[in-house]
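Nothing in this text is a laboratory measurement; each read-out follows from the coordinates by a stated rule. These numbers were taken from a predicted model, which means no experiment stands behind them. Every residue, glycine among them, receives a Cβ derived from its backbone with ideal geometry; neighbour counts consider all protein chains shown.
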Amino acid sequence: MNSPKVAIVILNWNGQNYLEKFLPSVFNCPYPNLQIIVGDNDSTDESCNFLKANFPLVKVIRNERNFGFAEGYNKVLAQVEADYYILLNSDVEVTNGWIKPVIDLMESDENVAIAQPKIKSLINKNQFEYAGAAGCFIDKWAYPFCRGRIFDFVEEDNGQYDDNKEIFWAAGCALFIKSSIWKRVNGLDERFFAHMEEIDLCWRVKNLGYKVMYCGQSTVYHVGGGTLNAESPFKTYLNFRNNHYLIKKNIKPLRANFLIPYRFCLDFLAIIKFMADGKFRNAAAVSKAHRDVIKAFYNNSVKYNRDVSKTPNLVGRYKRSIVIDYFLLGNKKFKDLRND
């Protein structure tokens with residue numbers, strides 16, 4: 001039986017150093033029916049010349065400008081034919097045989113649309129990595145978190161998450177998706193630019209009843225923060241703005257109308273915390289995010305989702321508040337959480 005056709009697609013912007021360091025591990029993958037593609041977001045460094053000279057078998061698709069993560073991937077994947085797409089960050093080192101376990105898992109169930117491998121830190125290979133860890137979840141107030149990483153507490157990998165598990169969303173740094181599903185939901189929402197666009201993608205797919213999975217038999221190592229530093233005010237802006245977009249787009253209007261004002265109040269606490277820490281530009285970024293959210297909701301450029309199926313897949317939604325459980329109850333590990 002022929003293996004499904006898989007396309008690894010790496011979106012690059014001025015990442016020649018990452019391509020030099022990590023592309024060899026990707027290029028040496030033993031999967032039999034594989035195409036490797038670099039989508040270049042109009043880099044101004046020598047990325048494309050480096051690929052041409054050193055990896056002539058890697059296909060390069062160049063965008064005419066930097067469209068960001070979401071639109072950049074949409075434009076590149078519109079030119080790619082495969083059964084499965086793997087959206088892979090340029091700052092990811094893969095392990096030998098990392099593709100097959102995930103594809104086998106997805107092939108075993110037609111309702112599995114998206115999956116991710118175990119994601120560990122390249123800096124400290126004994127630890128999970130902040131963005132993805134051992135699968136991703138979301139709480140009752142739409143705060144995302146990961147199994148193996150809740151807020152700033154990151155667990156060591158002692159084999160506790162070597163299972164396969166249904167999750168709520170998959171990390172965008174190493175995201176597997178069936179191309180038919182990608183096309184059905186029209187890919188990533190370009191308004192997000194970057195950050196949380198993968199949560200939105202997974203949520204829209206789950207609203208159609210499909211599954212998102214974590215595969216514990218596959219491992220990759222991620223540098224993290226390769227595009228925007230964690231302290232970046234622009235990253236703060238995107239995270240706060242895009243989280244409100246998520247709520248309005250993916251939750252039914254009645255609940256969204258309650259949740260959005262509540263989250264605004266919690267965001268004001270974040271502004272106070274940023275100011276207390278002397279991070280005034282980050283505090284201003286939250287305020288700017290609020291202004292742009294109000295504007296987007298007022299002009300209806302971000303609309304309520306009125307197309308949620310009667311049976312959306314809610315597996316992976318934590319029924320309690322992760323903020324209360326973590327900061328007030330001190331539950332820092334996934335095993336300590338009570339989903340009742």
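With label points built 7 Å along Cα→Cβ from the Cα atoms of R338 and S287, find their separation and express it in nm.
So the two model labels end up 4.1 nm from each other.
Cα to Cα, under 24 Å, and not fewer than 8 places away if on the same chain: which lysines meet these conditions relative to K183?
Answer for K183, where 24 Å is the Cα cut-off: K5, K59, K75, K100, K206, K211, K248, K249, K252, K303, K310, listed by chain and number.
In what order do F176, F128, F334 fall by count of nearby beta-carbon atoms within 10 Å, going from fewest to most?
On the way: F176 27, F128 23, F334 20.
Fewest-to-most ranking of F176, F128, F334: F334, F128, F176.
Is any residue of segment 139-172 close enough, with backbone N under 13 Å, to a label point placed 7 angstrom from the Cα of T95 along the Cα-Cβ axis, and if so, which?
The answer is 157-163.
Can you compute 3J(HN,Hα) from phi for each residue in segment 284-290, using the Karplus curve 6.51 cos²θ - 1.76 cosθ + 1.60 with θ = phi - 60°, rounded to whole Hz and x for Gly and Pro?
5, 5, 5, 4, 5, 4, 4
At a Förster distance of 35 Å, what's the computed FRET efficiency of R62 paired with F264, Cβ-Cβ distance as r, to 0.05? Spell out each step's value before the answer.
Details: r = 40 Å, r/R0 = 1.15.
With R0 = 35 Å, the Cβ-Cβ based efficiency is 0.30.
Only counting other Cβ atoms within 10 Å, I'd like W169, W182 sorted with the fewest neighbours first. Spell out each step's value before the answer.
Values: W169 27, W182 24.
Going from least to most buried by this count: W182, W169.
Can you give the FRET efficiency to the nearest 0.05 for N2 and K295, using r as the Cβ-Cβ distance and R₀ = 51 Å?
Numbers: r = 50 Å, r/R0 = 0.98.
So, using R0 = 51 Å, E works out to roughly 0.55.
Taking amide hydrogens as modeled 1.01 Å from N in the peptide plane, which residues meet the under 5 Å criterion relative to V112, leaving out close sequence neighbours?
Residues meeting the amide H criterion: K211.
List the GluC sites (Glu not before Pro) within segment 68-113 that fall in a DSSP loop (any state other than H, G, I, E or B) and whose Cβ has at most 11 other Cβ atoms within 10 Å.
Numbers: sites: E71, E81, E93, E107, E110; in loops: E81, E110.
Sites meeting the loop and neighbour criteria: E81, E110.
Can you spot the aspartates and glutamates whose alpha carbon is less than 16 Å from K273's alpha carbon? Ignore those fewer than 8 places along the same chain.
Within the straight-line cut-off, K273 pairs with D152, E231.
Please state, as a whole number in µm²/s, the translational diffusion coefficient that the Stokes-Einstein equation yields for segment 228-308 at 25 °C and 0.890 mPa s, with Rh defined as the Kirkwood radius across alpha carbon pairs.
Values: Rh = 13.1 Å.
For these conditions, the coefficient is 187 µm²/s.
Would you mind ranking K335, K120 by Cβ crowding within 10 Å, fewest neighbours first? Each step should come with its number before you reach the end.
Details: K335 9, K120 25.
Starting with the residue having the fewest Cβ neighbours, the order is K335, K120.
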